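The values are calculated or read from the model by the stated rules, or taken from the named source; none is laboratory data. Only a predicted model underlies this, so the values are computations on that prediction, with no experimental measurement involved. Cβ placement follows ideal geometry from the backbone for every residue including glycine, while neighbour counts extend to all protein chains displayed. Heads up: the accessible areas ignore ligands, DNA and RNA and are worked out on the full protein's heavy atoms, side chains in. Shrake-Rupley method; radii C 1.70, N 1.55, O 1.52, S 1.80 Å.
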Amino acid sequence: MSYFDYAATQPMRQSAIDAWVAASGMLNAGAQYTSGRKSRSVLDDARETVAELLGCEPIEVVFTASGTEADNIAIQGLFHASTNEAGAGRIISSPIEHSAVRDTVARLEEQHGATVDFMPVGRDGHISDLTALDTPAAVATSMWANNETGAIQPVEDIVARAAAAGTPVHVDAVQVVGKLPINFHELGAATLAASAHKFGGPRGIGLLLAKRTPAPRPLMLGGGQERGIRPGTNDVAGASGLAAALKESLEQLEKESNHIRSLRDALRDGIVNTVDDVVVNTTEPSLDSHLHVSFPGTDGDSLILLLDQRGIEAATGSACHAGVNRMSHVLEAMGVSDDQGRGSLRFTLGRLTTKEDVKQLLAVLPEVITLARSV
Ligand code: PLP
């Protein structure tokens with residue numbers, strides 16, 4: 001079996017498993033007695049490691065249960081906490097956001113009367129015009145890199161431009177944390193979301209980096225953990241696993257990036273050279289891990305099944321459309337034609353991908369595309 005869906009999730013790093021197991025016996029980090037204090041100290045260590053690796057203060061690290069939860073807390077919380085009177089009720093976003101952001105923004109529009117302006121995206125998958133940011137808003141939100149195409153977005157420019165209008169910015173960095181160096185303070189965003197399972201940590205734990213001010217207004221009420229922004233008894237083992245995975249991914253970043261990029265480039269060249277009529281939708285600047293391709297005259301869901309039967313696991317990259325045969329909102333926003341968009345696949349590579357995996361994929365893909373085009 002060859003796995004090409006690292007952007008969806010990836011195998012846990014051994015260091016994360018070890019840290020998770022070591023902390024799995026921890027009790028309530030909020031308790032005052034000895035076992036509680038011990039648990040608290042393990043949690044504090046994880047928080048400090050994360051803060052040091054991502055360029056922020058430990059108090060700005062909020063552990064959540066997922067990237068989705070971090071996005072929800074940040075966007076809804078900043079919207080409701082907004083003191084930017086000139087921008088009251090206005091949200092700025094992009095049309096290529098993950099559903100964790102996209103559906104949250106839509107909910108604010110439907111239920112809280114928000115007006116939403118979208119920054120446009122070019123055919124290359126990059127946000128192409130930041131003018132919307134010159135008018136104040138309650139919150140602006142942008143992904144750092146797109147989960148389908150891997151296209152890296154101009155978040156530094158977005159944050160700077162929004163700051164000039166007094167607008168706080170949330171950055172969905174779920175695809176980026178652990179893959180590019182990040183310094184939260186230098187970036188200047190109000191909040192940033194990440195998710196451990198995307199960089200080799202456990203599934204079920206995420207991160208929200210949140211400045212002291214403006215802090216998101218909590219969505220859930222409870223025991224006051226995590227500055228009250230994300231109350232609930234802490235998952236200490238999850239936090240330990242997350243911190244260990246982040247540490248390893250940043251220590252290994254250059255080595256892993258070089259490995260992943262060279263295999264990704266070999267895969268792209270191999271596909272272009274062996275399959276007719278291919279459109280490569282991943283354009284630079286992009287994450288090293290991503291290769292998004294369209295095969296006009298096919299449909300993505302059939303390709304997934306045909307590849308799966310031959311031992312290859314790949315996806316379209318658009319979770320919300322899985323099982324529904326239509327093109328994703330990301331490709332639609334990029335202006336991709338219906339025929340191209342429907343026949344698209346995302347191959348994402350990771351630290352355990354081998355030359356053999358790429359060879360195996362290239363050996364079966366031409367036949368799979370011919371078969372898919374013949375029905
Ligand atoms: N944002 C982006 C860009 C993602 O790619 C994902 C997951 O695919 C999420 C948010 C949601 O993260 P999680 O799976 O941790 O909820």
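Quick notes on this structure:
- Screening the chain for whole DSSP H helices with an alpha carbon extent of at least 15 angstrom along the helix axis and a mean Kyte-Doolittle hydropathy of at least -0.5 yields 67-81, 236-251, 355-374.
- In segment 166-214, the trypsin sites (Lys or Arg not before Pro) that fall in loop regions by DSSP, at most 10 other Cβ within 10 Å: 212
- Within straight-line cross-link reach of residue 355, aspartates and glutamates at Cα separation under 15 Å, skipping those fewer than 8 residues along the same chain: 256, 265, 269
- Rg over Rh, two decimals, segment 165-267 (C-alpha only, Kirkwood Rh): 1.03
- Distance between the 7 Å Cα→Cβ label points at residue 38 and residue 356: 4.3 nm.
- Per-atom-type breakdown for segment 214-327 gives carbon and sulfur 51% of the accessible area (1.4 Å probe, protein chains only).
- Estimated 222 nm signal from helices in the chain, with DSSP H stretches of n ≥ 4 weighted -39500 (n - 2.57), rounded to 500: -13000 deg cm²/dmol
- Working note: Karplus 6.51/-1.76/1.60 with θ = phi - 60° gives segment 329-337 the couplings 5, 5, 5, 4, 5, 7, x, 6, 5 Hz, where Gly and Pro are set to x.
- Residue ranking by accessible heavy-atom surface, 1.4 Å probe, largest first, among 220, 334, 12 comes out as 220, 12, 334.
- A convex hull fitted around the alpha carbon atoms of segment 301-375 yields 104 Å³ per residue.
- Solvent exposure of the chain as accessible area per residue, Å², 1.4 Å probe: 41
- Radius of gyration, Dmax [the chain; alpha carbons; angstrom]: 21.0, 69
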